[in-house]
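J.: Below are the structure tokens for one structure; questions will follow.
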Amino acid sequence: DGGITQSPKYLFRKEGQNVTLSCEQNLNHDAMYWYRQDPGQGLRLIYYSQIVNDFQKGDIAEGYSVSREKKESFPLTVTSAQKNPTAFYLCASSQLGDRPNYGYTFGSGTRLTVV
Amino acid sequence: GESVGLHLPTLSVQEGDNSIINCAYSNSASDYFIWYKQESGKGPQFIIDIRSNMDKRQGQRVTVLLNKTVKHLSLQIAATQPGDSAVYFCAETFSGSARQLTFGSGTQLTVLP
């Protein structure tokens, strides 16, 4: 089955620790995205990438870093500089160019908690 | 630092009633719109889409209406069921944006027994 996989589903981080969230897709999509969702709130864009080895900051990139070494993979690192990292993190992917459906495919999310 | 977002508006409906969820979009150049459903603890799922050359599109139990004059989108759910309880997001995009989606803030729908 084609899809987008996020792991782990739950992640606990100690104060001052960096953690990396995994996102892998086998849809052959060009673009990948990371969103943060706080309880009872909407989606906020952290980073996105439209091509391998290139990525752009979203609205709330501070305290986060990403890499796009392979088309299928777009890991997100939450660094110790992110002071309030507890949230639900969503990864998404999409194709680029003209097509019938411009929607994103979302992963099932990673819930990160600071302990 | 990060700004604190607004909490989602909520809508409560009785099981079996019709639900109408509204969304105001911002960009008059947007030509494609999507509704997503997000159940608790899961990623958003595509429900239905509509292009700007249409003003209505129907799916199974769902209808999307588009009013370009006032930049308004609505999602109608017929005979709402308990499984419809979720957060619903609208999204818009236009051709000059590399087809990036801009998401609305979302609405929490609760279906009452």
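The values are calculated or read from the model by the stated rules, or taken from the named source; none is laboratory data. None of these values were measured; they are calculated from a predicted model. Note that each Cβ is placed from the backbone with ideal geometry, even for glycine, and that neighbours are counted across all protein chains shown. Calculation scope for accessible area: heavy atoms of the full protein, side chains included, ligands and nucleic acids excluded. Shrake-Rupley method; radii C 1.70, N 1.55, O 1.52, S 1.80 Å.
J.: Is it fair to say B:Thr80 is of a type in the set (Val, Ile, Thr), touching a strand residue (DSSP E or B) at 6+ places or on another chain (Cβ under 9 Å) and more than 10 Å from chain A (Cβ to nearest Cβ)?
T.: Values: of a type in the set (Val, Ile, Thr): yes; touching a strand residue (DSSP E or B) at 6+ places or on another chain (Cβ under 9 Å): yes; more than 10 Å from chain A (Cβ to nearest Cβ): yes.
It is true that B:Thr80 is of a type in the set (Val, Ile, Thr), touching a strand residue (DSSP E or B) at 6+ places or on another chain (Cβ under 9 Å) and more than 10 Å from chain A (Cβ to nearest Cβ).
J.: Here is a further query. Among strands (runs of 3 or more DSSP E) lying entirely in the range A:1-85, which contain 2 or more residues that are under 29 Å from A:Leu96 (Cβ atoms)?
T.: Numbers: elements: A:4-7, A:10-13, A:19-25, A:31-37, A:43-51, A:54-57, A:64-66, A:76-78.
Here the list reads A:4-7, A:19-25, A:31-37, A:43-51, A:54-57, A:64-66, A:76-78.
J.: Out of (1) at pLDDT 95 or above; (2) out of contact with any Leu (no Cβ under 6 Å at 6 or more places or on another chain); (3) surrounded by 14 or more Cβ atoms within 10 Å (Cβ to Cβ), what's the single condition that is false for B:Leu112?
T.: Condition (3) is where B:Leu112 drops out.
J.: Any residue in the range B:43-54 that is without any contact (Cβ under 8 Å) to a residue 40 or more places away in the chain, within 10 Å of chain A (Cβ to nearest Cβ) and assigned to a loop (DSSP other than H, G, I, E, B)?
T.: Yes, the range B:43-54 contains at least one residue that is without any contact (Cβ under 8 Å) to a residue 40 or more places away in the chain, within 10 Å of chain A (Cβ to nearest Cβ) and assigned to a loop (DSSP other than H, G, I, E, B).
J.: Working carefully through the options A:Tyr10, A:Tyr47, find the one that is open to solvent by 60 Å² or more (accessible area, probe 1.4 Å), hydroxyl-bearing (Ser, Thr, Tyr) and on the phi < 0 side of the Ramachandran plot.
T.: Numbers: A:Tyr47 fails: open to solvent by 60 Å² or more (accessible area, probe 1.4 Å).
Answer to the check: A:Tyr10.
A quick yes/no check of all residues on (1) touching a Lys or Arg at 6+ places or on another chain (Cβ under 7 Å); (2) closer than 30 Å to A:Lys9 by Cβ; (3) open to solvent by less than 10 Å² (accessible area, probe 1.4 Å):
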{"residue": "B:Gly43", "(1), (2), (3)": "no, yes, yes"}
{"residue": "B:Asp49", "(1), (2), (3)": "no, yes, no"}
{"residue": "B:Asn53", "(1), (2), (3)": "no, no, no"}
{"residue": "B:Gln58", "(1), (2), (3)": "no, no, no"}
{"residue": "B:Val62", "(1), (2), (3)": "no, yes, no"}
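J.: Follow-up. Quick one: which of B:Thr93, B:Thr10 is within 14 Å of chain A (Cβ to nearest Cβ), open to solvent by 70 Å² or more (accessible area, probe 1.4 Å) and in contact with a Ser or Thr (Cβ under 9 Å, 6 or more places away or on another chain)?
T.: Values: B:Thr93 fails: open to solvent by 70 Å² or more (accessible area, probe 1.4 Å).
Among B:Thr93, B:Thr10, only B:Thr10 is within 14 Å of chain A (Cβ to nearest Cβ), open to solvent by 70 Å² or more (accessible area, probe 1.4 Å) and in contact with a Ser or Thr (Cβ under 9 Å, 6 or more places away or on another chain).
J.: Can you name the condition, by its number, that A:Lys70 falls short on among (1) over 15 Å from B:Phe103 (Cα atoms); (2) touching a residue at least 60 places away in the same chain (Cβ under 8 Å)?
T.: (2)
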